[in-house]
Amino acid sequence: MHPNNPLPVLKHGWMRALLFLFAFFSCAILAGMVSNLIITGSLTIVEGKGLAEQKLGSIILTVGIVAIMVIALTVIFRRFIDRRSVKSMGFHWSPFQADAFTGFNLGITLLGTATLLLHATGNLVWSAAHLNASDLLKGFILMALIALIEEIVFRAYILNNLLQSLQKWVALGVSAAMFTLAHASNPGISTVAVANLLLAGALLGINYIYTRNIWFAVFFHFSWNFIQGPVLGYTVSGLPLQGILQPDLKGPWWVTGGSFGLEGSFIITCLLALTLLFLYFIYEKNADKTIKAS
């Protein structure tokens, strides 16, 4: 083996992925404990704020601490266990700007389609509109951090390493299952929500298995969460947020998503499945062209 390209400390990619997942969960628990200590020690400062605002502030603080820990953890694992560069996980920006643009717009398109379907079937009306720059900024920061953290963990590191041990579709399925497991304790989780999380994990990872680049997933994940919660006012994976629009949902839980939010709706199941199939055919077609051209 060339000295500039040494073997990883752990031979099997799936072992590195599993160890990293355990370390990530440990960091999340530790971040929650640190955040609670900070919030508890600052009660006199936040006493005049509303309960919802205090809760959102606590969540942003926790996610911020997790982000710092995840970045440090990823650098340590990649440099000293994988023995490869951090950038090789898929952080090259050029020439993947088009993938990032596609991912961002895909999130908006799917949420817009689901919203129109809910409205057309009489399951959704808008009860009010509320524009608060502070709420929108907090939502932006929170969703940007969540998108970056989860894509670094589940696509850039875990899926990257699984692809070194498993066939690409198996690796994609396992990473999607791990992504779903990380959300299993979210409030309002249901069987439809679990199916949607699995589909979302696959959809977020399908570009990666063809390009080994993370920006499609990061921008798709961000636009999905940000438009869904801070803009359209839906609950995001069980997390209620103040949105610009105030939706009034009526109908069975498997249509509206129930307390889990729109991600628990069977409408989303259909849209995610169709989009996943569409991208599969597109990527496979382009892959065939690349093989024939070479």
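A compact table of results
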read-out: Unique residue being β-branched (Val, Ile, Thr) and over 30 Å from SER134 (Cα atoms) when the list is ILE209, ILE227; value: ILE209
read-out: Residue match in the stretch 196-206 (condition: among the polar types (S, T, N, Q), in contact with a helix residue (DSSP H, G or I) (Cβ under 6 Å, 6 or more places away or on another chain) and either under 23 Å from SER134 (Cα atoms) or surrounded by fewer than 24 Cβ atoms within 10 Å (Cβ to Cβ) (or both)); value: no
read-out: Residue that is nearest to PHE24 (Cα to Cα) [pool: residues in the stretch 72-96 that are out of contact with any Leu (no Cβ under 9 Å at 6 or more places or on another chain) and β-branched (Val, Ile, Thr)]; value: THR74
read-out: Total residues in the stretch 150-182, condition in a helix (DSSP H, G or I), surrounded by fewer than 22 Cβ atoms within 10 Å (Cβ to Cβ) and among the polar types (S, T, N, Q); value: 1
read-out: Flag if ALA100 is under 16 Å from ILE214 (Cα atoms) and in a helix (DSSP H, G or I); value: yes
read-out: Subset of the stretch 220-236 [buried (at least 23 other Cβ atoms within 10 Å of the Cβ) and under 13 Å from the mean Cα position of the chain (by Cα)]; value: PHE220, HIS221, TRP224, ASN225, PHE226, GLN228, VAL236
read-out: Residue list for the stretch 72-102, restricted to those being aliphatic (A, V, I, L, M), touching a residue at least 40 places away in the same chain (Cβ under 8 Å) and under 21 Å from LEU162 (Cβ atoms); value: LEU73, ILE81, MET89
read-out: Residues of the stretch 254-263 satisfying the condition of being buried (at least 17 other Cβ atoms within 10 Å of the Cβ) and closer than 19 Å to VAL125 by Cβ; value: VAL255, THR256, GLY257, GLY258, GLY261, LEU262
read-out: Residue within the stretch 267-285 that is of a type outside the set (A, V, I, L, M, F, W, C), part of a loop (DSSP other than H, G, I, E, B) and either without any contact (Cβ under 8 Å) to a residue 12 or more places away in the chain or under 20 Å from ASN160 (Cβ atoms) (or both) present; value: no
read-out: Residue in the stretch 61-73 that is within 22 Å of the chain's Cα centre (by Cα), over 30 Å from GLN242 (Cα atoms) and modelled with pLDDT of 90 or more present; value: yes
read-out: In the stretch 121-132, the residues that are modelled with pLDDT under 90 and either among the aliphatic types (A, V, I, L, M) or in a loop (DSSP other than H, G, I, E, B) (or both); value: ALA128, ALA129, HIS130, LEU131, ASN132
read-out: So GLY251, is it part of a loop (DSSP other than H, G, I, E, B), of a type in the set (Gly, Ala, Ser), crowded, with 20+ Cβ neighbours inside 10 Å and on the phi > 0 side of the Ramachandran plot; value: no
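The values are calculated or read from the model by the stated rules, or taken from the named source; none is laboratory data. Predicted model only: the values in this text are computed from it and were never measured. FYI the Cβ positions are ideal-geometry reconstructions off the backbone, even for glycines, and counts take in every protein chain you see.
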